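What follows is a short report on a single structure.
The values are calculated or read from the model by the stated rules, or taken from the named source; none is laboratory data. Values in this document were obtained by computation on a predicted structure and should not be read as measured data. Cβ sites come from the backbone with ideal geometry, for glycine too, and all protein chains shown count toward neighbours. Only protein heavy atoms, including side chains, enter the accessible area calculation; ligands, DNA and RNA are left aside. Shrake-Rupley method; radii C 1.70, N 1.55, O 1.52, S 1.80 Å.
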Amino acid sequence: FDPAAQGSVEAMASGQPASVAVEGQEPARPSGSLSLPPGTYTLVVSAEGYEPAQVIREILPGVATVLDVELAPFLTAQVRNAVAQNLVRITYSIGGQEICRNGLLAGSDGLVVTPLATVQSGAPLGVSVFGGQEVFSDVPILTTDPELDLAVLQLALGGSAALASAPTLSEGQYVWSVHYPGCGDLTSARTRLGDWPPPMTSVGQVAAPLPAGAVGAPLVDGSGSLLGLVTSPRTFVPVSQADDLLAQARQDLAARAEQARQTAAQPQISSGGKFPWKWVGAGLGVAGIAVALTSGGGGGGGTVEPPPPTTGSIRVIWSGGG
């Protein structure tokens, strides 16, 4: 035993070789080990695509220390920015204070899904899309679902396609919310899925709470595929449930469009779009006065010829001194 001998340390991340370095120093090669004099060190373990982790270990002379660390993955800026193309900021004012909430642009037809609480103030809603490049005012509420705690808004927009749904989900899987925290700048937050599938309920749960500012945000996996919509720091509505609500909203829109088309196809008279029945009433009044003036009593002895049967018009004929 040589108390002055070098010790060594190597790192693994979920069973794969990882980089390890003394805090503040350059990392070692992923497949190599780090030789150190005996002592206590703060070591940083890192791997591509994962958040680095710090551990404190004592390195003993002549002893090899192996670290097997579970690193948490991070959401890349590229994925986050791609998801943000379907993230909207919903704003309204209460007592002069601006309130900002999140919503999900569900497709190129301009439908937006957001938690029901976002629309319950009764204040006019504004929606900004694509990082504020497009802004809509007084956005209408198309439908609501108290059971799912969701509302659907409608934008006059042709834009981004819907996010792809995540192919598989499993308990403990890492997931992220992409959101605007209040009226702040774009950010993301990481958590894990809770029990999946959710037992006896249509609402999914996360293992660790998300920030309050994430409510209304899309919940995605590491590739940016959609799992659902965050409705509280602990819960989210799975994408399958939200899709059913959106399908019903689209059916309602199609029915309204068909009704409007049929109304537009009906024949209309006058610039006001309706038959001017008041003109007919006025014409009848004039005809009555004409008959009274020409049937004696100061009219000069004129005669009245009854109007022939007509459709859509009135004909009055008289002769004589009237």
- Query: Taking interchain pairs and intrachain pairs at least six residues apart, which have beta carbon atoms under 8 angstrom, with the first residue in region 52-74 and surrounded by 12 or more Cβ atoms within 10 Å (Cβ to Cβ) and the second aliphatic (A, V, I, L, M) and assigned to a loop (DSSP other than H, G, I, E, B)?
  - Reply: Pro52/Leu71; Ala53/Leu71; Ala53/Ala72; Pro61/Ala4; Pro61/Ala5; Gly62/Ala5; Leu71/Ala47
- Note on the structure: Of Leu148, Leu153, Leu142, Leu163, the only residue that is part of a loop (DSSP other than H, G, I, E, B), in contact (Cβ under 8 Å) with a residue 60 or more places away in the chain and within 17 Å of Thr118 (Cα to Cα) is Leu148
- Sort through Val44, Val20, Val88, Val83 and tell me the only one that's open to solvent by less than 30 Å² (accessible area, probe 1.4 Å) and over 22 Å from the mean Cα position of the chain (by Cα). Val20
- Message: Just the residues that are farther than 23 Å from Ser188 by Cβ and either at pLDDT 90 or above or assigned to a strand (DSSP E or B) (or both), please, taken from region 99-120.
- Response: Gly110, Leu111, Leu116, Val119, Gln120
- Some residue of region 179-196 being assigned to a loop (DSSP other than H, G, I, E, B), open to solvent by 40 Å² or more (accessible area, probe 1.4 Å), closer than 24 Å to Ala82 by Cα and without any contact (Cβ under 8 Å) to a residue 12 or more places away in the chain: yes
- Note on the structure: Within region 98-118, the residues that are more than 8 Å from the chain's Cα centre (by Cα) and of a type in the set (Ser, Thr, Tyr) are Ser108, Thr118
- Select, from Glu26, Glu51, Glu10, the only residue that is out of contact with any Phe, Trp or Tyr (no Cβ under 8 Å at 6 or more places or on another chain) and under 30 Å from Arg80 (Cα atoms). Glu26
- Item | The one condition in (1) free of Cβ contacts under 8 Å to residues at least 40 places away in the same chain; (2) open to solvent by less than 20 Å² (accessible area, probe 1.4 Å); (3) in contact with a helix residue (DSSP H, G or I) (Cβ under 7 Å, 6 or more places away or on another chain) that Gly204 fails to fulfil | (3)
